[in-house]
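Undergrad: Take this structure first; my questions come after.
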């Protein structure tokens with residue numbers, strides 16, 4: 001069988017020629033994301049706003065999340081999340097924080113139990129307060145920052161500092177625009193989205209390292225080739241691998257988005273958007289930045305010496 005290719009082996013797209021356009025587009029998207037996030041804010045889920053967690057187990061067979069969502073939606077309790085986990089009989093219910101103190105939260109629990117009835121067993125009931133929610137926000141932000149710093153250190157040791165800075169700029173670009181998209185669309189921002197952001201960081205880094213590794217190889221192989229041409233060559237030679245990986249990943253993610261249900265839809269959307277923006281940044285941001293950062297070439301001193309001898 002012939003290998004499946006999305007990109008012909010002799011492809012020569014001048015990606016570096018479009019770098020200024022990419023800088024403008026990316027800069028505008030990052031700026032819009034920051035402004036919208038600071039002004040409009042994120043639609044934090046129960047994990048960050050606080051609320052009530054109720055774990056139930058159906059006594060009469062598999063649970064029906066649709067029916068539970070319909071019953072609890074009519075209680076006027078605001079954001080209610082229903083998630084299946086473990087066995088088909090197990091369901092986790094999250095209800096947003098209600099105005100008032102602990103007494104009001106206890107009344108909410110009583111109303112939920114009355115609405116659901118006695119056909120289920122209540123295995124866990126917890127109230128997540130605002131203090132815990134603020135700690136989760138801080139911990140999530142710290143996790144993303146630590147991941148980005150770790151990437152910088154890894155790339156710095158693996159390549160050179162210019163490569164490290166380029167990779168981190170691309171990662172910050174991806175995370176900022178993804179967060180901005182959630183702010184614009186007001187999608188639910190929960191702990192699972194933090195997990196998606198960390199996954200996006202890993203995926204984008206993987207793509208970027210593949211391109212950078214090829215750039216390093218070509219720097220050693222073509223010692224007199226202009227840097228812009230060399231970057232174009234490196235991107236085009238890794239383009240088939242990049243597109244194939246992104247395509248196969250997106251196939252699985254679109255299936256999850258369409259058939260996975262409402263519980264994981266926001267998480268899947270974050271992953272889809274992150275894969276697209278991560279692939280874009282690896283090609284149009286991370287690689288062209290090496291020109292701006294003036295990456296050093298091992299052959300520069302040798303070329304200068306050769307020129308002196310020729311003179």
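Readers should treat all values here as calculations from the given coordinates under stated rules, not as data from a laboratory. A quick note: this is a predicted structure, and the numbers were derived from the prediction, not measured. Neighbour counts run over all protein chains shown; Cβ positions are idealised from the backbone, glycine included.
Undergrad: So, in nm, how far is label residue 135 from label residue 17 when the simple model puts each one 7 Å beyond its Cα toward the Cβ?
TA: 5.7
Undergrad: Given the alpha-carbon gyration tensor of the stretch 31-83, what are the semi-axes of its equivalent ellipsoid in whole angstrom, ordered largest first, with each equal to the square root of 5 times an eigenvalue?
TA: Details: eigenvalues 215, 25, 23 Å².
Gyration-tensor ellipsoid for the stretch 31-83: 33, 11, 11 Å.
Undergrad: For residue 85 paired with residue 172, estimate the spin-label separation in nm (one decimal), with each label point 7 Å from Cα along the Cα-to-Cβ line.
TA: Distance between label points: 3.5 nm.
Undergrad: Let me ask something additional. Which of the three applies to the stretch 26-156, rounded, prolate or oblate, going by the alpha-carbon gyration tensor with a ≥ b ≥ c and a/c under 1.5 meaning rounded? Before the final figure, lay out each step's value.
TA: Working: a/c = 2.37, a/b = 1.92, b/c = 1.24.
Note, shape of the stretch 26-156 comes out prolate.
Undergrad: What angle, in degrees between 0 and 90 and rounded to the nearest 10, separates the Cα long axis of helix 299-310 from the longest principal axis of the Cα atoms of the chain?
TA: 10
Undergrad: Report the full-extension gain for the segment residue 259 to residue 10: residue separation times 0.36 nm, less the Cα-Cα distance, to one decimal in nm. If you can, show how the numbers build up before the last one.
TA: Working: separation 249, 0.36 × 249 = 89.64 nm, distance 3.81 nm.
My answer for the length gained is 85.8 nm.
Undergrad: Of 281, 70, how do they rank once you tally other Cβ atoms within 10 Å and put the fewest first?
TA: Details: 281 26, 70 10.
Listing 281, 70 from fewest to most nearby Cβ atoms yields 70, 281.
Undergrad: Another question, if that's okay. Using a Debye calculation, one point per C-alpha and no hydration shell, please list log10 I(q)/I(0) for the chain at q = 0.06, 0.07, 0.10, 0.13 Å⁻¹ in order.
TA: Taking Cα atoms of the chain as identical point scatterers yields -0.30, -0.40, -0.69, -0.98.
Undergrad: With label points built 7 Å along Cα→Cβ from the Cα atoms of residue 25 and residue 70, find their separation and express it in nm.
TA: Here the answer is 4.5 nm between the modelled labels.
Undergrad: Would you mind telling me which residue in 246, 119, 183 has the biggest mean-square fluctuation in a Gaussian network model of the chain, where springs connect alpha carbons within a distance under 10 angstrom?
TA: 119
Undergrad: Also: In whole angstrom, how long is each semi-axis of the equivalent ellipsoid of the stretch 51-128, when you take the square root of 5 times every eigenvalue of its Cα gyration tensor and sort them from largest down? Write out the running numbers ahead of the final one.
TA: On the way: eigenvalues 83, 30, 25 Å².
Output for the stretch 51-128: semi-axes of 20, 12, 11 Å.
Undergrad: Stretched out fully, how many nm does the piece from residue 161 to residue 294 gain, at 0.36 nm a residue minus the Cα gap? Spell out each step's value before the answer.
TA: Working: separation 133, 0.36 × 133 = 47.88 nm, distance 1.07 nm.
Fully extending the segment from residue 161 to residue 294 adds 46.8 nm.
Undergrad: If each residue of separation counts as 0.36 nm, what is the full-extension length gain between residue 248 and residue 118 once their alpha-carbon separation is subtracted?
TA: Values: separation 130, 0.36 × 130 = 46.80 nm, distance 4.54 nm.
Taking 0.36 nm per residue and subtracting the Cα distance, the gain is 42.3 nm.
Undergrad: Also, I was wondering about something else. What is the Cα centroid distance between the stretch 37-52 and the stretch 177-202, reported in whole angstrom?
TA: Using only Cα atoms, the two centres lie 12 Å from each other.
Undergrad: Between 0 and 90 degrees, rounded to the nearest ten: what's the tilt of helix 265-281 against the longest Cα principal axis of the chain?
TA: So the helix axis and the longest Cα principal axis differ by about 10 degrees.
Undergrad: Mind checking which of 157, 182, 267 has the largest fluctuation in a GNM of the chain, springs on alpha carbons under 10 Å?
TA: Maximum fluctuation in the GNM of the chain, among the listed residues, is at 157.
Undergrad: Using only the alpha-carbon atoms, how far is helix 191-221 inclined from the longest principal axis of the chain? Give it as 0 to 90 degrees, nearest 10.
TA: Orientation of helix 191-221: about 10 degrees from the principal axis.
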